[in-house]
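One structure below.
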Amino acid sequence: MTPTTSRSARLLGAILPLLFHTALVSAQTAPPSVPSETVKGDWRSLQVTEPSGRVRCQTRTVMMDLPGAAGTPATPVAGELSLSFYKDAKTLPKIQLRLPSQNDKPNVLLVKLSSKESHLMFLDTAAADAASVDTYQSAPQQLTTLLDVIRGQNTLSIFLDAKVPTPTLLRVSLKGSSASLDLMSTCTGRSSLLPTEFLKGLNTAVDLSNVQLSETNIKALLAATDAAYTASLTAGEDNAALAALRKQFAKLLNDEKNAQDAYNRAQKNTDDLRAALESRQQKLTSLRDELAQLQAARPGAVANIDNLKAIEAQKLAAYEPIRQQLIPFDNEVNRQEGRVDDARTDLANARQDVASSQQHLSNLRSRQSNARSELSSAESRKRSLDSDLDRAEWDVRRFDVERERRDYLDRSFQYRNAINQRNNAQSALGGAQSNLSSAQSTLSSLQSQLATCRATAGADCSAQEAQVNNQQNVVNQAAAQVQNLQWQINSANQTIQNEERQAEWQARSRYQDLQRKRDDIARDLQDTRRKISDLETEIRQIDFEIPRTESDIRNAESRVRSAQGYLRDAQAQLETAIQKRADMRKQLDWERLRGEYLTSKSNREKAVSDLAKADARTKELPSIIKDQEASVASAQKRYDASLPPTAQALAKLNGITAQLTIFRQQEADLVQRIAAAKQSFDTNRALYQALYNALKVL
């Protein structure tokens, strides 16, 4: 016996007594106040008003079985699948499955939704004895899909022991489930029986690393789910209350916003004007301080310039005699530097001439080589063209247009066929015309006989009429044959003429092509001869220029050597002049005296320039200060004018804000409650997901 067969047998053993017990208990204990059920197929629905006044809408089915082996009937199971929905939607819908008690009952049942999806139901209450039932509850995971399956399928497949290789299948009848769910919608007054947005948020994955589980069972999971649902409802109600509160005070809030915006604009304007005033006041203070500093510093600056002038005169008196003594040495150095510069220029020019002439010589030799190569190719082409022209002229002379035309006609099948058709038609035409003439004579004789018959009173002329008609047909046929032969002759003549014209055109065209080819070759030969002449002229010119360019290179190289010698001599004399000047400068202490003089001169020039700038600034500052004082006064006036409007805007804002004190308190309470509800939802959602993950692996 397989495990599946064993489980089915045990379940069947528990079913039969339970069926009798359940029916007996139901008959003895059913209260008279229970409303009657509405039956739709295998489903029963009813509406129950609880003692608390809440209305519960419920639908259920007890039609379920275990499929038998091949060829055996299914075994009924005394279980019940029920769906409960509260009309006030303050409690989550419940889906329960009750099954006969089993000793080795599974903790998790697997409800097949599709080939890839399943829904889990967890053991909630184990049967206390063999006469009781095991109750399984659905977790709020994939409830929407499960409800769609119940509404749209014929049976619901539930695997009782999904972890074994061959699980036991429990089939639940869904006949009438769609109509029963429609009754639930009517009972609750809602088209959607499930809170889809809540379920979507509940099953959105969150971080579970900080969740601690004190117990792991379906009751804890459903408690967490109910708490999350209550928090969601509370948040929804409080959000609606907050929206209603804000709507109630919408006009006052809008007035406050407008007053706040007006105050912000007024205050910003006042702040901007105060900042502009302070900036202008600071600038005015800075200008006044600057003027005072310049006026106080001028006497010291004038005295400093006088002192610097005296120092400069003293340093110049010590430096000037030395400078005069060094003038001849400076002049000699300048003269020698000029000689060196001239020598370098001459050397550069000579080297440039050498490079330019060498490049020109290289270009000439390259042109010479290219011209000789082109000349060789042109002469080879000339010989080829001479031969081609001879052949082309021979082709033109020996071409016979009339012979070419005859050859074309001899080769033309259409031409020969047309000649034969015309000859045959002409041969047959004489006989056909003779036949036509004979038939016409016979017809004329028969017509005379018919006329004579018709002239005789009471004569029967039908035989004569028949003979005339028959002979008329003979005449028509003979005439048609003559006409057809004449058409054949005309058609053949047309074809012959067309082929003769085509032969004439083709012969003429070929003759003209030969003439054009001869003329093209003659023109190419003429162009080639002209090119040969041009190349020979260019080669002669290059042969003349190459020796002259080589002579230019030798002359330029000689100039280079001469310029190099002159440059060496000039550089040696420059070094001598520089050394003599350096020796004299050292002897006269020129570097120190010159440096002291230039420093004193620079100090004096800078002090004079600084004083001139300070005097110019001192002269313009009073006017600038006057303009700045006017600017400060204008800014002060604008700032003072902005204060009353700002104070008025603040007073208006404070008055409106005072009217919103109660609103602020109520709004704060609702916001706090919404935050607490969200926190409760988040906490219980994480607890639910952690419990679900733990339960599904048990």
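The values are calculated or read from the model by the stated rules, or taken from the named source; none is laboratory data. Just so it is clear, the structure is predicted and the values come from calculations on it, not from any experiment. In this analysis, Cβ positions are derived from the backbone assuming ideal geometry, glycine residues included, and neighbour counts consider all displayed protein chains. For accessibility, only protein heavy atoms count, side chains too; no ligands or nucleic acids. Shrake-Rupley method; radii C 1.70, N 1.55, O 1.52, S 1.80 Å.
Could you report the chain's accessible area per residue, 1.4 Å probe, as an integer in Å²?
Details: 41420 Å² over 698 residues.
On a per-residue basis, 59 Å².
In the chain, carbon and sulfur make up what percent of the accessible area (probe 1.4 Å)? Numbers along the way, then the final one.
Values: 20870 of 41420 Å².
Carbon and sulfur: 50 percent of the exposed surface of the chain.
Counting only C-alpha contacts under 8 Å and six or more residues apart, can you give the relative contact order of the chain as a whole percent?
Here the relative contact order equals 20 percent.
Kindly provide the pair-distance distribution of the range 492-564 built from C-alpha pairs, with 5 Å bins from 0 and whole-percent values in order of increasing distance.
Bins of 5 Å from zero give 3, 12, 8, 8, 8, 7, 7, 6, 6, 5, 5, 4, 4, 4, 3, 3, 2, 2, 1, 1, 0 percent of pairs.
How large is the convex hull of the Cα atoms of the range 252-359 per residue, expressed in Å³ as a whole number?
Values: hull volume 24.4 nm³, N = 108.
Residue-normalised Cα hull volume stands at 226 Å³.
What are the residues whose amide H is under 5 Å from the amide H of Thr155, where those residues sit 5 or more places off or on another chain and H is modelled from the backbone?
Residues meeting the criterion, in which the H sits 1.01 Å from N, are Leu174.
Could you run the Karplus curve 6.51 cos²θ - 1.76 cosθ + 1.60 with θ = phi - 60° over the range 484-498 and give me ³J(HN,Hα) per residue in whole Hz, x for Gly and Pro?
Listing the rounded values in order: 5, 5, 5, 5, 4, 5, 5, 5, 5, 4, 5, 4, 4, 4, 4 Hz.
Considering every Cα-Cα pair within the range 562-698, what fraction, in whole percent, is farther apart than 19 Å?
Result: 83 percent of Cα pairs exceed 19 Å.
For Cys461 and Arg501, what is the calculated FRET efficiency with R₀ set at 56 Å and r taken between the beta-carbons, to the nearest 0.05? Intermediate results must be reported in sequence, preceding the final value.
On the way: r = 58 Å, r/R0 = 1.04.
It comes out at approximately 0.45.
Which whole-angstrom value gives the distance between the alpha carbon centres of the range 392-451 and the range 371-386?
The range 392-451 and the range 371-386 have Cα centres separated by 60 Å.
What FRET efficiency would be calculated for the residue pair Arg510, Arg372, taking the C-beta separation as r and a Förster radius of 41 Å, to the nearest 0.05?
0.45
Using a cut-off of 29 Å between alpha-carbon atoms, which lysines can reach Lys586, once sequence neighbours fewer than 8 places away in the same chain are excluded?
The qualifying lysines are Lys309, Lys315, Lys601.
Please compare each pair in Lys219/Lys696; Lys105/Lys696; Lys247/Lys678; Lys116/Lys696; Lys40/Lys116; Lys40/Lys112 to a cut-off of 20 Å on the Cα-Cα distance and tell me which ones are over it. Please list the in-between numbers first.
Working: Lys219/Lys696 14 Å; Lys105/Lys696 15 Å; Lys247/Lys678 23 Å; Lys116/Lys696 17 Å; Lys40/Lys116 30 Å; Lys40/Lys112 23 Å.
Those over the limit are Lys247/Lys678; Lys40/Lys116; Lys40/Lys112.
From largest to smallest, what semi-axes in whole angstrom does the range 304-441 give when each is the square root of 5 times an eigenvalue of its alpha carbon gyration tensor?
117, 30, 7
Could you tell me what a quarter of the Cα convex hull surface of the range 343-422 works out to, in nm² with one decimal place?
Averaged projected hull area, Cα only: 10.4 nm².
Distance between the C-alpha centers of the range 60-117 and the range 203-254? Whole Å please.
31 Å
Show me the three semi-axes of the equivalent ellipsoid for the range 182-252, from the C-alpha gyration tensor (sqrt of 5 times each eigenvalue), largest first, rounded to whole Å.
Largest first, the range 182-252 gives 30, 22, 11 Å.
Apply the Karplus curve 6.51 cos²θ - 1.76 cosθ + 1.60, θ = phi - 60°, to the phi angles in the range 355-364 and return the couplings in whole Hz, x for Gly and Pro.
4, 5, 5, 5, 5, 5, 5, 4, 5, 4
Principal axis lengths of the range 37-134 from Cα atoms, whole Å, largest first?
Here the spans come out as 49, 34, 31 Å, largest first.
Based on DSSP loop calls and a cut-off of at most 13 other Cβ atoms within 10 Å, the longest stretch of the chain free of exposed GluC sites (Glu not before Pro) is what?
Result, exposed sites excluded: 216-698.
Going by Cα centres, the range 480-522 and the range 545-592 are how many Å apart?
Taking the Cα centre of each part, the range 480-522 and the range 545-592 sit 95 Å apart.
Using only Cα positions of the chain, each an equal point scatterer, no hydration layer, compute I(q)/I(0) via Debye at q = 0.10 Å⁻¹ and quote the log10 values to two decimals.
-1.26
HN-Hα J couplings of the range 629-642 from phi, Karplus 6.51/-1.76/1.60, θ = phi - 60°, integer Hz, Gly and Pro as x?
With the stated coefficients, the range 629-642 comes to 4, 5, 5, 5, 4, 5, 5, 5, 5, 5, 5, 4, 5, 7 Hz.
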